[in-house]
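Here's the structure we're looking at; comments come further down.
The values are calculated or read from the model by the stated rules, or taken from the named source; none is laboratory data. In this text, all values refer to a predicted model and were calculated from it rather than measured experimentally. In this analysis, Cβ positions are derived from the backbone assuming ideal geometry, glycine residues included, and neighbour counts consider all displayed protein chains. These area figures cover heavy atoms from the full protein model, side chains too; ligands, DNA and RNA do not enter into them. Shrake-Rupley method; radii C 1.70, N 1.55, O 1.52, S 1.80 Å.
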Amino acid sequence: MSTGAFSIDQLMELAGLSVSQVVYRVHPINKGRRVLVAVGPGNNGGDGLVAARHLRHYGYQPTIYYPKRSKNELYQRLAKQLEDLDVLFVDDFPKALSSADHVVDAIFGFSFSGEVREPFPAVINAMAETQVPVTSVDAPSSWDIEEGPPKSGVGSNFHPNFLISLTAPKPLVKHFKGRHFIGGRFVTPAIAAKYDFDVPEYEGLDQVVEVGPSGQKL
């Protein structure tokens, strides 16, 4: 997207806004205000930090689990913005999960590959086993972008309730059984044509569109 003159800050802000709108749609405030956001060290985590800020402004009470803070200035600014809003950062994920009404999985996204390293195996296993609804950002954490959930080990039984694909769905969606949304209302016709994918029609102020398993708009 850098070819379209977008900065990483802009893209992350738009992505996080989309995530926050999915949470607002699938888990309105009357279902509970306490949203636990599990944040990884990369761009996926940055999307989660932005989403948490928007959720705080919507009236939710987000809590952030961010065990591997990035030294990148952008991520430090995003964390500071949350601290200035009195958003709580926690170190104990299971304890925070026990009092959460909804979870945002923003640990690993498009660029993930290889082994899940500490402290995230226990976090992903906890999300797999909880009855609290989970929304994953771009990819359920630990899933392979092409092949979906691992055949065994960490994440093999992780099937979140909701998924928001940013910009366009990834091949893993053929393994996903929950409610699926697309977010990223910034893709130009030229980019879509270059990479041969369809851009959904966003309505009104919406930054997200819900799609079915076939990719058709619901």
**Report entry** Spherically averaged projected area of the chain from its Cα convex hull (nm²)
**Finding:** 11.6 nm²
Report summary line: Hull volume per residue for the range 1-95, using the convex hull of the C-alpha atoms, in Å³ is 99 Å³
Query - Cα-Cα pairs of the range 63-180 separated by more than 26 Å (percent) - result: 20 percent
Query raised in the report: Say the cut-off is 29 Å between C-alpha atoms; which of Lys31/Lys151; Lys80/Lys194; Lys68/Lys95; Lys68/Lys174; Lys174/Lys194; Lys151/Lys194 go over it?
Result: Lys31/Lys151; Lys80/Lys194; Lys68/Lys174; Lys151/Lys194
Query raised in the report: Sorted by accessible area with a 1.4 angstrom probe, largest first, how do Asp138, Asp196 fall?
Result: Asp196, Asp138
Report summary line: As straight-line cross-link partners of Lys177, the qualifying aspartates and glutamates (C-alpha separation under 15 Å, not fewer than 8 residues apart within one chain) are Asp138, Glu147, Glu210
Query - Percentage of interatomic Cα-Cα distances in the range 45-120 larger than 18 Å - result: 42 percent
Query - Per-peptide average of other Cβ atoms within 10 Å, ordering 73-79, 145-151, 47-53, 120-126 highest first - result: 47-53, 120-126, 73-79, 145-151
Query raised in the report: Taking the convex hull of the alpha carbon atoms in the range 140-218, what volume per residue do you get, in Å³?
Result: 93 Å³
Query raised in the report: Over the Cα atoms of the range 140-186, what is the Rg over Rh ratio if Rh follows Kirkwood?
Result: 0.98
Query - For the chain, calculated [θ]222 nm from helices alone, where every DSSP H run of n ≥ 4 adds -39500 (n - 2.57) - result: -9500 deg cm²/dmol
